[in-house]
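Asker: Before anything else, here's the structure in question.
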Amino acid sequence: MKARAKHVTADVVGAPTWISAEQIYDTMTFPDAVKILEQTLLDGYDPETDGERTRHSSSSGLLLQMPSATDDWCGTKLVTVRSSEQAVDLPVIQGVYMLFEGKTLRPVATLEGAGLTALRTPAVTALSIRHLVSSTSGRVTLFGAGVQAAAHVKALMAVYNPTAIDVVSRDQGRAQRLAEEIREHGIASSVARSDVVAEADVILCCTNSSAPLFDGNLVQNHAVVAAIGSHDSHSREVDTTLVQRSSVVIESLDSAMREAGDLVIPQKAGDFHWDRAATMRDVITGTASIEFDRPRLFKGTGMPWQDLALAASIYETTVEGTVVG
């Protein structure tokens, strides 16, 4: 990872530093996050060696764990996901990230997990879009109107110039509010139906849908589609038609085969083969070539190394500020 562990003595550090969501956003911008993720891959990190996401069921939902390690750092994210919208004034997704020094394995920081995820996931999407778009501006279709959808708008603007963003969501009220927020950035935005993808240059899928959101035949050949809403083998946001039409990019073969339902479902039906998928690392380093005369589909599930790279950099910046101040 880019950041290097600071071996600060115990009497200076004391207990692990708590880093809130507000501190995460104050410390790192989306352009920063995109740059760190890209540099981590350019520096030689291989996502195929990353830890696996584990799931454990509880009576109220799921506990997810995402461990990763390098020579300089190791850490894990612990996240809970409630199974239903209960009458509780709390987010559906909650969690923490625990960061350890790589050499001493000493716990140095605890970061607010949902805030880290809301930074990491859109930054990964933005990184993929930077390398897959054929032009730097155009019309965007955004599926979803929740936290991730809103964060993706901000991350997208770090690498792309949207001329308009059409919001598609089952929750019309939230979609309208998000469209209003987008317009505050000076970007045209309105609530639309799914067939608006026929006009889109970039399509972002940020939903918890388990079934395809739109007809893959409608997507233009020059368009880029990013599907990041699901991370299990039986859910998908895009259909087999789009998968078959597209140049497919994934985070790693190992994680995609386990968690990318958008690809696993057509693969099991004999409609997709894994040798058609290029990894983001190979695209960024120039090892893989992408066909730009067909749609480009990025399927992301989220990987532990991404959280570790950002958490380590955020911690280093926070510690530097504390020591210097």
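Asker: Please name all residue pairs, on different chains or six or more residues apart, with Cβ atoms under 6 Å, provided the first residue is in segment 183-198 and is part of a strand (DSSP E or B) and the second residue is of a type outside the set (Gly, Ala, Ser) and open to solvent by less than 30 Å² (accessible area, probe 1.4 Å).
Answerer: As it stands, the answer is 189/165; 189/182; 191/167, since those pairs meet every condition given.
Asker: Continuing with this model, one more query. Limited to segment 257-276, what total is found for residues that are touching a strand residue (DSSP E or B) at 6+ places or on another chain (Cβ under 7 Å) and surrounded by fewer than 23 Cβ atoms within 10 Å (Cβ to Cβ)?
Answerer: 1
Asker: What about residue 234, is it open to solvent by less than 10 Å² (accessible area, probe 1.4 Å), of a type outside the set (Gly, Ala, Ser) and either more than 25 Å from residue 28 (Cβ to Cβ) or in a helix (DSSP H, G or I) (or both)?
Answerer: Criteria not met by residue 234.
Asker: Contact list please: Cβ distance under 8 Å, first residue in segment 266-293 and closer than 11 Å to residue 132 by Cβ, second residue basic (Lys, Arg), pairs at least six apart or on different chains.
Answerer: These pairs meet every condition: 290/296.
Asker: Shifting gears a bit: Take segment 125-150 and flag every residue that is among the hydrophobic types (A, V, I, L, M, F, W, C) and open to solvent by less than 10 Å² (accessible area, probe 1.4 Å).
Answerer: Within segment 125-150, 126, 127, 129, 132, 140, 142, 143, 149 qualify.
Asker: Is it the case, given these coordinates, that residue 275 is over 21 Å from the mean Cα position of the chain (by Cα), modelled with pLDDT of 95 or more and either among the acidic types (Asp, Glu) or not in a helix (DSSP H, G or I) (or both)?
Answerer: yes
Asker: Filter segment 100-124 for residues that are open to solvent by 30 Å² or more (accessible area, probe 1.4 Å) and either touching a Cys at 6+ places or on another chain (Cβ under 6 Å) or of a type in the set (Lys, Arg) (or both) and give the result.
Answerer: 100, 103, 106, listed by residue number.
Asker: Something else about it: Return the only residue of 78, 62 being modelled with pLDDT of 95 or more and under 20 Å from residue 304 (Cα atoms).
Answerer: Working: 62 fails: modelled with pLDDT of 95 or more.
Just one listed residue meets the conditions, 78.
Asker: Regarding segment 238-255, can at least one residue be identified that is at pLDDT 95 or above, open to solvent by 10 Å² or more (accessible area, probe 1.4 Å) and touching a His at 6+ places or on another chain (Cβ under 9 Å)?
Answerer: No, segment 238-255 has no match at all.
The values are calculated or read from the model by the stated rules, or taken from the named source; none is laboratory data. What you are looking at is a predicted structure, and each value in this text was computed from that prediction instead of being measured. When we count neighbours, we look across all protein chains shown, and the Cβ atoms used for this are built from the backbone with ideal geometry, even at glycine. Surface areas here come from the heavy atoms of the whole protein model, side chains and all, with no ligands, DNA or RNA. Shrake-Rupley method; radii C 1.70, N 1.55, O 1.52, S 1.80 Å.
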